[in-house]
Every structure is written in C-alpha cells, then in structure tokens.
There are 2 protein chains.
Amino acid sequence: MPEAHTVTSYDDDLRFLTRRLSEMGGIAERMVADAVSALVNADTGSAQRVISEDLLLDNGEREIYDKAFWSSPSASRWPRDLREIIGSIRIASDLERVGDLAKNIAKRVIAVRWFHGISRAIGPRSRASGELALTQLKEVLDAFATRSPDLAKMIRDRDDEIDAIYTSLFPRTLTYMMEDPRNITACTHLLFCAKNIERIGDHATNIAETVYYVATGEQLAADRPKDDDTATMIAPAPGSD
Amino acid sequence: MPEAHTVTSYDDDLRFLTRRLSEMGGIAERMVADAVSALVNADTGSAQRVISEDLLLDNGEREIYDKAFWSSPSASRWPRDLREIIGSIRIASDLERVGDLAKNIAKRVIAVRWFHGISRAIGPRSRASGELALTQLKEVLDAFATRSPDLAKMIRDRDDEIDAIYTSLFPRTLTYMMEDPRNITACTHLLFCAKNIERIGDHATNIAETVYYVATGEQLAADRPKDDDTATMIAPAPGSD
C-alpha cells in the first residue's frame, strides 16, 4: 500500500524510475540506429531486430506508469518529486513512441524493394536525417541523466535541422515518382520513413522540454515551430531541384 | 506557494483542470470536424478556421501543465488525486496533438488542388474515417466527463475500424498515382491526411486508456495492435481493387 512507503523506499522508487528510463533510452537508441541502417542499406536483418525489440519499450512504459503511480512522496518533498514522476511518465511515453516509429520504418524496409536509383539519390539525405535524430536522442538522454537544463534547451533549439532535411527530401521524392511510375510504391514508403525520422526528432525535442521542466520547474517558451513545411508543398517542375 | 494550498483550493484546482480540458476537447472536436469537411469538400474556409484555432490548444496544454504542477493534494487524498493530475496532463497532451494533426490536414487542403476524380473515388472513405475519428473523440470526452471506465474500454476496443479504412485506402491511392502522374502530388498529400486521421483515432484511444486509468487505477491490458498495416503494402496490380 502506498501509505506504508517511507522516504527511503520512495527514494528507491525514484532510482527505479531513473534506471528503467535509462534502459529504455538505450533500447530506443539501438532501435533507431538499426532502423536508419536498415533504411539506408536495405538491410532486412537490422529491420528484423528492430521489430523484435519493440515489445521491450511497450513493457517498459507500462512498468514505469505503474511504479510512478504507486510511489508516494511525502508532502515536504512536493512538488519537486511530482516533477520527477510526471517527467518519468512523459519520457517513457515519448520513448515508447520512438520505438513504434522505428518499427514502422523497419516494416516498410522489409516490405519494399528499394530501387538503387532512389537509394543513391535520396539515401544520403535519409542517412543525414536519421543520424541527426539519433544524435538528438543520445544527447537528450544524457541531459536527462544529468538533469541539465542547459543541454536540454540547446537540443530543443536545434530541432529545425532534421525538419530542413525532410523538407528538402519531399519535392525531390515526388519528382522521382513522376519520372517513373515504378518508383511510386517505394517512394511513398520512403516518404513515410522520412516523416517517421522527423517525428523521432520531435520526440527527442519533447524529452528535452520535459528534462528542462524536471530540472527547473519552468516550461521552455513556446517558440518552437510545430508543423512540417512539406504540408504546403507540390512537386517541382521536371528538371529543377 | 503550493504549501499554502488548502483542501478547498485544491478542489478548485481539480475543477479548473476538468473545465479547461473540457474546453480543449470542444475546440479539438470542432477542429477535426472542420478538417474532415475541408478535406472531403476541398473547403478552404474550414481549413483556414482550423489553422487559426490551433494556438488555443497549445495554450490550453501549457496552462494545464502549469496548474497541475502547482496543485498539491494532501497526503490523505493521494494516490487518487495523483491519477487526476497525471490524467489531465496526458489528455491535454493528446488533445494538443489532435489539434496539430487537424492543422496539418488543413494546410495540405489549402496547398493542393484536389482532382475531382480522386475526390469522387476516395472521398467517401476519407469521410467515413474522419467521421469515425470524430465520433471516437466525442465519446471519449464524454467518458472523461463521467469518468466511465466501461465507455472508455468500449472506445479503446473499437480502434481498428479507422485502421481498416485507412488500410483499404492505401493501395487504391497508390493505383491512382500509377495511372496518372498528375495525381501524384495530390495523392501523396491525401495519404498523409488519411494517416493523420488514423493518428487522431489513436489519440482518442490513448485518451480512453487514460480515462480508464483515472477511474480505476488500473491499466487496460496491452492487447491493442500498435502499428498500421499499410507499412507492408505495395500497390496492387492494375485493374484489381
């Protein structure tokens, strides 16, 4: 029963949350690295690994949810401890979604034969955007481990780099589809993969905002752009870039 | 300061959270209804309205986050009240994302001229899926208002209806792209709109899970499918459906 908790056991609860989140973070990082490698190298082995790992994050989120709920800080430690609990639940939820997005990329890689022409032309941008998302995820997990608001803020403010790559990839991919209808299926899946990578970056940014809040009790100013620019894009004229 | 809170003022905080969430729910419903109407009828007026309303949900989420954090239930009311706080933050976050997705649909409708052929062929499925998402959102907000775990569970279990429509729309849309390259830009945006509607349904399902948890203290069993089936789809042979 929660009423029986002492401060010591509550400290144990918080340590459990931090340790479990760090494990989830490690799994999420590995899944994203494998998903990007699967996408760029058409590597179905990596893709299969991503799919099999997703359940670990689903279970992790449920466990953190349960533990956070049954923990009970004493009134004297409130509200600092409430921040830790709310923060843990939010970060677990973001990591679980990162796993879903990585798995979705992996399934598309397995389903679709990537044409070499597309891979050569678009691969480097996918790789750059995937690597950026992975770096953001790693850094934001470091920021959480050290409860560093400065690092969290820096990561949050860099969110537009991935968005810029995704934005540049969109019209180019539409052009490939128009040039040869045989590219349409692969390119459509590629666009969803690119969108997933951009969303993984968004979740890293969400985690950065949560870390800042846990560390300071303040929310970062809402000046971050919240939508992707491709929503207003049409294909360029043939021959243009 | 939180320490100065009395039980009465804490009750005021909870009432504030519930009222503000209900307002956010109303705005989200209106935005989804307008976005679906914009999509199905190529109605740029509705689309503009959706875009202008999104900021209301962003602000609502921030306000709920602040209020939840500074509220401080007495130890005797814990953990029931912690559930209310965690639940409010999760629901506000889901509603904010619903607004983002509706806005993204609206921006695509404004950017792209919908070809009549596509609209005639695919419009009814988009409408059906949009109306289902809207119904789910309305019902789940009712479930929250009445803290009904039964209604919440029923909504969660019905999530696959929207997914089925989205799944049927995907190969058909690829076929349209292959039949005429002039359809490619519009169809690509249409697929992202359909995906957004499916995601709105997912957020309604998330809210149902949160309502169940707030009302009972238990998590629903994790038997819900978590990914979309189109990740493994390729276009059908010409002439097939």
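For residue A:164, inter-copy separations between label points set 7 Å beyond Cα along the Cβ vector come to 4.6 nm, shortest first.
Shortest first, residue B:229 label-point distances to identical copies amount to 3.8 nm, with the label point at 7 Å from Cα along Cα→Cβ.
Simple spin-label estimate for residue B:12 and residue B:131 gives 4.6 nm between the two label positions (7 Å along the Cα-to-Cβ direction from each Cα).
Inter-copy label distances at residue A:181, shortest first and taken from points set 7 Å along Cα to Cβ: 1.1 nm. Simple spin-label estimate for residue B:167 and residue B:111 gives 2.9 nm between the two label positions (7 Å along the Cα-to-Cβ direction from each Cα).
Residues within the reach of a label modelled at residue B:216 (point 7 angstrom out along Cα to beta-carbon, backbone nitrogen below 17 Å), restricted to the stretch B:141-160, are B:143-159.
Here, each number is a calculation from the coordinates, and none is a lab measurement. Computed from a predicted structure; not experimentally measured. Counting neighbours? That spans all protein chains shown, and the Cβs are built from the backbone with ideal geometry, glycine included.
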